[in-house]
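Asks: Would you mind keeping the following structure in view while I ask a few things?
The values are calculated or read from the model by the stated rules, or taken from the named source; none is laboratory data. The model shown is predicted, which means the values in this text are computed figures rather than measured ones. Because the Cβ atoms are built from the backbone with ideal geometry, glycine has one as well, and the counts that use them run over all protein chains shown. What goes into the accessible areas is simple: the full protein's heavy atoms, side chains included, and nothing from ligands, DNA or RNA. Shrake-Rupley method; radii C 1.70, N 1.55, O 1.52, S 1.80 Å.
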Amino acid sequence: MVNMKVIITYMPGLKANFLILLWSIFISGSQGGHYLSYGPDLKPAQGSVWPKPWWQDDTGRYFSVDPENFRLVAVNKNCPLLQDAMARYTKVIRQSAQGYVKAPQTAVIRKIQQLSVNLTQACETLPHLNMDETYYVWGDGRVIANSIWGIFRGLETLSQLLVPMPNGLLRIPETEIYDEPRFKYRGLMLDSARHFISKGKILQLLEGMAFNKLNVFHWHLSDDSAFTFNSTTYPELSLKGAYRREMTYSPAEVKEIVEFARKRGIRVIAEFDTPAHTASWGASHPEIMTKCAGKYAGQLGPFNPTKDSTFTFLNKFFSEIRNLFPDRYLHLGVDEVNPSCWEGNSEIQKYLTSKKLDNGVLPYLYLERFTADISTLGWKQMVWQEAMTEYPYMKWPTGTIGQVWFDFKNVSRDLTARKFDIIHSQDWYMYVLSTGGDWEKFYKVEPLDFEGSDVQKKHVLGGEACLWSEYINEYNVMPTTFPRVSAVAERLWSEREHGSTEEATPRIEEHNCRMIYRGIEARPANSFGLC
């Protein structure tokens, strides 16, 4: 930046109005606006809720809570999940007394000593696609929901309403909130194959997801680069296919991650991508792969769909996986399948000739048999969009969900017209990095922004942010994700008309401070300031 004193010294003939113009350029050119006064560039909200609730009504009055002298009490149904949640949020609320964002000293109606949790129906034990996450919260310390999952979301909202005052008490508004999610699928995908992400970081990701009311953790566990699951059925898959032995997940670690997620109302959907993106499988089991010829000679292509042994192997492996991932859905992958190796393999071509078939049938030979086996194991299925757009004659099992990641206006229109359920991921790829606070670009993405009838739009179950890890590792996964995924979370939870980035800016500034204080390693949301 040019020094203004130099300009004045060497340009004495400038008229006053031109000097003023130069000064205004100097000021506006400073990142974040100006430096004429101390303090943060943006003032965070105080006690706002993220994601924005469906309906909230405040009176302008406040209650207080002593963080060292209050109780969360179950006043109706009870269960271990509820007890765990109340213990967790008791700790969160007590810690919030030292939070970064402070409220001024405020007159209160009265002090609340008991926060009541009213679960009206018996606990479910496993989160699922159609779980009820509706809840009510009152500022006098009441949370009511029909399901344990709604209680989880209500407790998160209650904790966000509480802001510390100078006297050490927590302020909470006299408010009434009714809330429910706009979409029932609100996910975050992690690719832990291209760069290994430790169990500890995954648990932090799940904690941050709960703070944003996300409810699906899609775990991409294998790719060409590495096979990260330490199978007991086929231990050689990770022994030969992982980067290093310690860069794998044991069955015990998988169970711990799944249980940690369950206690926060988060589903864990595994993905072992097939029949392509499988080079790491071939490191130990080349017999199930396709040997390439021609310009790809020496390489191994997708799984060989003409061998019974391929499916025997897969069925045995996924039988083991079924015992570790209790969710009703498994992600099959089926993206970016290059048929060149199939078409150049002499054994496969002999097989096709003997059956009087052509190359066009090869993906169907794989998909029809594989999906039938997966259905027999009790899973419903998810696939990347190519599985549905490139193989239009495939009869997918009932309930199969397509994940849309490019050309979404056309693909969403076409797949929903064919009555497929879909989730949206285009423009929610977290690994596309920008400098500064870039959450707005994620906030402005609208999953229903395609041509189609109301019936078609109902086939959009929600969306998912994707953490492909070419440029993400153990050390930047958290600040790459947060608070950017918070923008996705609000878009998927809150009503469409709540789309103003201007209104959201002070709220996400506060929410980012809140997450950081709770241990989430988030990058700045906006500009210079406290968090």
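Asks: Name the residues of region 425-446 whose amide N is less than 18 Å from a point 7 angstrom out from the Cα of residue 470 along the C-beta direction?
Replies: Those under the cut-off are 425-435.
Asks: What FRET efficiency comes out for the pair residue 98/residue 503, r = Cβ-Cβ distance, R0 = 25 Å, nearest 0.05?
Replies: 0.35
Asks: Right, another one. Just report the Cα centroid separation between region 481-497 and region 309-377, whole Å.
Replies: Taking the Cα centre of region 309-377 as reference, the centre of region 481-497 is 36 Å away.
Asks: Then there is this: Just to be sure I understand: of the beta bridges DSSP finds with both ends in the chain, what percent are antiparallel, rounded to 5?
Replies: Percent antiparallel among DSSP bridges in the chain is about 30.
Asks: Additional query: If you take the C-alpha gyration tensor of the chain, multiply each eigenvalue by 5 and take the square root, what semi-axes do you get, largest first, in whole Å?
Replies: 46, 31, 21
Asks: Can I get the semi-axes of region 55-179's equivalent ellipsoid? Compute them from the C-alpha gyration tensor as square roots of 5 times the eigenvalues, in angstrom, largest first. Can you show the working numbers first?
Replies: Numbers: eigenvalues 132, 45, 29 Å².
So the equivalent ellipsoid measures 26, 15, 12 Å along its semi-axes.
Asks: Moving on. May I ask you to compute the full-extension gain from residue 527 to residue 176, defined as 0.36 nm times their residue separation minus their alpha-carbon distance, rounded to one decimal in nm?
Replies: 123.2 nm
Asks: Quick check on region 188-344: what does the Kirkwood estimate of hydrodynamic radius come out to from the alpha carbon pairs, in Å?
Replies: On the way: mean 1/r = 0.0616 Å⁻¹.
Result for region 188-344 stands at 16.2 Å.
Asks: While we're here: Within region 459-516, which trypsin sites (Lys or Arg not before Pro) sit in a loop by DSSP and count at most 11 neighbouring Cβ atoms inside 10 Å? Can you show the working numbers first?
Replies: Details: sites: 484, 491, 496, 507, 514; in loops: 496.
When the trypsin sites (Lys or Arg not before Pro) of region 459-516 are filtered for loop state and at most 11 Cβ neighbours within 10 Å, 496 remain.
Asks: State which entries of 199/419; 43/213; 184/240 exceed 32 angstrom in Cα-Cα distance in the structure shown.
Replies: Violating the 32 Å limit, Cα to Cα: 199/419; 184/240.
Asks: What are the ³J(HN,Hα) couplings of region 102-107, residue after residue, when phi is run through the Karplus curve with 6.51, -1.76, 1.60 and θ = phi - 60°? Round to Hz, x for glycine and proline.
Replies: 10, 9, x, 4, 10, 5
Asks: Give the carbon-plus-sulfur fraction of the accessible surface of the chain in %, rounded to a whole number; probe 1.4 Å, heavy atoms of protein chains only.
Replies: 53 percent
Asks: How would you order 361-372, 74-85 from highest to lowest mean count of nearby Cβ atoms within 10 Å? Working shown, then result.
Replies: Details: 361-372: 18.8, 74-85: 15.7.
Result, highest mean first: 361-372, 74-85.
Asks: Using a 7 Å offset from the Cα along the Cα-to-Cβ direction at both residue 246 and residue 335, what is the distance between the two label points in nm, to one decimal?
Replies: Roughly 3.0 nm, to one decimal.
Asks: Additional query: Tabulate in residue order the Karplus-calculated ³J(HN,Hα) for region 296-302, using 6.51 cos²θ - 1.76 cosθ + 1.60 with θ = phi - 60°, rounded to whole Hz; enter x for Gly and Pro.
Replies: Ordered by residue, 3J(HN,Hα) equals 9, 4, x, 9, 10, x, x Hz.
Asks: Let me ask something additional. Quick one: 3J(HN,Hα) in Hz for region 417-423, Karplus 6.51/-1.76/1.60 with θ = phi - 60°, rounded, Gly and Pro as x.
Replies: 5, 8, 6, 8, 7, 9, 10
Asks: Ok, one more. Tell me, what are the semi-axes, in whole angstrom and largest first, of the equivalent ellipsoid of region 121-220 as set by the roots of 5 times the Cα gyration tensor eigenvalues?
Replies: Calculated on Cα positions only, the semi-axes equal 29, 20, 10 Å.
Asks: Return one whole number: the accessible area per residue of the chain in Å², for a 1.4 Å probe. Intermediate values should be presented prior to the final figure.
Replies: Details: 22620 Å² over 531 residues.
That works out to 43 Å² per residue.
Asks: List every residue whose amide H lies under 5 Å from the amide H of residue 466, counting only residues 5 or more places away in sequence or on a different chain, with H placed 1.01 Å from N in the peptide plane.
Replies: Excluding prolines and chain starts, which carry no amide H, the hits are 189, 429, 430.
Asks: Which cross-chain or sequence-distant (5 or more) residues have an amide H under 5 Å from the amide H of residue 267, H modelled 1.01 Å from N in plane?
Replies: For residue 267, whose amide H was placed from the backbone, the distant partners under 5 Å are 216, 217.
Asks: Among 385-398, 177-190, how do they line up by average Cβ neighbours within 10 Å per residue, starting with the highest?
Replies: 177-190, 385-398
Asks: Right, something else. Quick one: if the Förster radius is 35 Å, what FRET efficiency do residue 309 and residue 398 give, using the C-beta to C-beta distance and rounding to 0.05?
Replies: Rounded to the nearest 0.05, the efficiency is 0.75.
Asks: Hey, what number do you get for the chain at 222 nm if only DSSP H runs of n ≥ 4 count, each worth -39500 (n - 2.57), divided across all residues, to the nearest 500?
Replies: The per-residue figure over the chain is -10000 deg cm²/dmol.
Asks: Could you tell me how far the Cα centroid of region 215-279 sits from the Cα centroid of region 81-115, in Å?
Replies: 37 Å
Asks: Can you check what the net charge comes to around residue 176, using other residues whose Cβ is under 10 Å from the Cβ of residue 176 (Lys, Arg +1; Asp, Glu -1)?
Replies: Working: positive: 142; negative: 57, 58, 140, 174.
Net local charge, residue 176 excluded: -3.
Asks: Based on Cβ point charges of +1 for Lys and Arg and -1 for Asp and Glu, what charge dipole magnitude is obtained for the chain about its Cα centre, in debye rounded to the nearest 20?
Replies: Once rounded to the nearest 20, the dipole reads 800 debye.
Asks: Given the Cα-Cα distance of residue 126 and residue 376 and 0.36 nm per residue of separation, how much length would full extension add, in nm? Mind showing how you got there, number by number?
Replies: Values: separation 250, 0.36 × 250 = 90.00 nm, distance 2.07 nm.
Fully extending the segment from residue 126 to residue 376 adds 87.9 nm.
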